[in-house]
């Protein structure tokens, strides 16, 4: 994986002051001490102190403290090491460090939005305009209640018309004010964003497949229906086949609808094209051998190619095959990758990182759901299953995901029992999971088959969700502005915070190797400069306090043993994780085996019944053949008896003439004589 990238423009003044208040930096003389001893490790607290001073006071122009205290010396060195860094950059890095130490701080904090507005100086030209309420400054907020839960909506009256620009809260799902005719509630639809407009196509509603196309203007939050027509190359206007479980991809001012379940499925995957200029549908003509038709697959745009993985075909057989459609030559190619691929599945999520790595997460089979992560190197075409770190999500299927930079956001899904309430994010460089936020109750965001898209406004990205099924079909829209724009640190190694500040040197040395691998850019350099200054001061302090070389030797040996023990613990944790994953895979395979065995037993029972029926029919057929032969014999005997009677009658009638000639009287004559 590539090194971590540092994104700019993460923090704005109002978020910085909310973060500073949460961290304990409230502007009072003792705020720095509070920051050093409350929520964070010593090195992070020193860095937060330096960035806070740089953002609120400016470059360090005060003389070096004459006090012998290593704390004061370290604080001055940390601040002085930042040089002439701009205040806005210091604010951004302050929020960034706080996000690393406590990723969910904003969602867990209370009333920080109001506090941020109160504390923001007016010379920052903040776009977060406060309003007067009962003589105090506070932002205008509104809460929208949903079924068995609630979602917070923060709305500024002056910027509602700006669409995505009205989203003033980070890491919280918000229900924007929607107008226009909403699309019919649905799930397993396709969604794509083109130029601040989100298009919704198809889906499933009450068991019926849909083929309508709707568009949501993300500037005005207005829905409208797109009246589409058949393509010009079609000889007759044809109504598009309703479908669900398909994928909608934006490509060159067009929408591509790939695969999907239909009432009368075709043999192979169909690719439909919607031209946004002519508002017409057509079928894409492709070459090569297309994949078998399916639904619930993943389709990922990588450069000018579509990568299709898995799904479920029309016969309900799960798939794990891999195909690529080159959009320049319109040619299909079936890929035979090396390594162990993901097990057959559908309704999973896929993403591409660095235009090279295809990531597959979750999905489901007929019997179980998954939370495994697989990576395909698109250059070597080799599958691998890396170790996940952080707060690994639970098993799920029917979830949706989008990427923002090197972060992959996953929303919704279900596990055959309930909907998933957490919104999680994976840093694709470090493979560290974290929870962004969580919703309560049966809400649309905890649904299966919902869609998730990403749009940008003013340089910031916003996630947009629509629809889903969680016991009922939904048509609601929710948005979230993520603050996770750069790498998140690994939580696999946690070093306890020492009681004395004199141990900061040991903590820094124990954690620097991990930090150097997960951080890059300007922030990493700043952290290194500040911590080097801290190390220098503490080394001097220790040198003055050391009395015997033996103590230093013992400390060095202790550090070496602790480092070795830490490595052994890490390896043990990794082995335990691998063992847990292997056991999980074994459990999943056993469930699949039991399911297949059950199906096989049912088929065997059905086969036995059919064999019994066939034997009975054969016996009846043999009886019928015997009866047929007996009937034919009786018919022949009857015919022979009838023929004999006829012959006798003829002889009797002809014998009267010859008898008269011979002098024998006829029967009538005998009667007359008598």
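Brief remarks follow.
- Entry remark, region 263-294: residues being under 15 Å from residue 211 (Cα atoms) and either touching a strand residue (DSSP E or B) at 6+ places or on another chain (Cβ under 9 Å) or crowded, with 19+ Cβ neighbours inside 10 Å (or both) number 12 in total.
- Considering region 366-383, and only residues there that are surrounded by 19 or more Cβ atoms within 10 Å (Cβ to Cβ) and in a loop (DSSP other than H, G, I, E, B), the residue that is nearest to the chain's Cα centre (by Cα) turns out to be 368.
- Residue selection: residue 563 fails the criterion of being free of Cβ contacts under 8 Å to residues at least 40 places away in the same chain, part of a helix (DSSP H, G or I) and not assigned by TED's automatic domain parsing to the domain that holds residue 367.
- Restricting attention to region 237-266, the residues that are part of a loop (DSSP other than H, G, I, E, B), free of Cβ contacts under 8 Å to residues at least 40 places away in the same chain and over 15 Å from residue 313 (Cβ atoms) total 5.
- Selection status of residue 356, in the same structural domain as residue 411 (by TED's automatic domain parsing) and either buried (at least 17 other Cβ atoms within 10 Å of the Cβ) or touching a helix residue (DSSP H, G or I) at 6+ places or on another chain (Cβ under 8 Å) (or both): no
- Residue 621 modelled with pLDDT of 85 or more and part of a helix (DSSP H, G or I): yes
- So residue 297, is it in contact with a helix residue (DSSP H, G or I) (Cβ under 9 Å, 6 or more places away or on another chain) and at pLDDT 95 or above: no
- Answer from 477, 424, 464, 454 - the residue that is in contact with a strand residue (DSSP E or B) (Cβ under 8 Å, 6 or more places away or on another chain), modelled with pLDDT of 95 or more and surrounded by fewer than 20 Cβ atoms within 10 Å (Cβ to Cβ): 454
- Of the residues making up region 384-399, those that are surrounded by fewer than 24 Cβ atoms within 10 Å (Cβ to Cβ) and in contact with a strand residue (DSSP E or B) (Cβ under 7 Å, 6 or more places away or on another chain) are 384, 385, 386, 388, 389, 390, 391, 392, 393, 394, 395.
- Hey, residue 252 surrounded by fewer than 19 Cβ atoms within 10 Å (Cβ to Cβ), out of contact with any strand residue (DSSP E or B) (no Cβ under 8 Å at 6 or more places or on another chain) and closer than 24 Å to residue 355 by Cα or not: yes
- Residue 260 being at pLDDT 95 or above, in the same structural domain as residue 203 (by TED's automatic domain parsing), out of contact with any helix residue (DSSP H, G or I) (no Cβ under 7 Å at 6 or more places or on another chain) and surrounded by fewer than 17 Cβ atoms within 10 Å (Cβ to Cβ): no
The values are calculated or read from the model by the stated rules, or taken from the named source; none is laboratory data. What you see is a predicted model; the values in this text were computed from it and never measured. Using ideal geometry, Cβ is built from the backbone for each residue, glycine included, and neighbour counts are taken over all protein chains shown.
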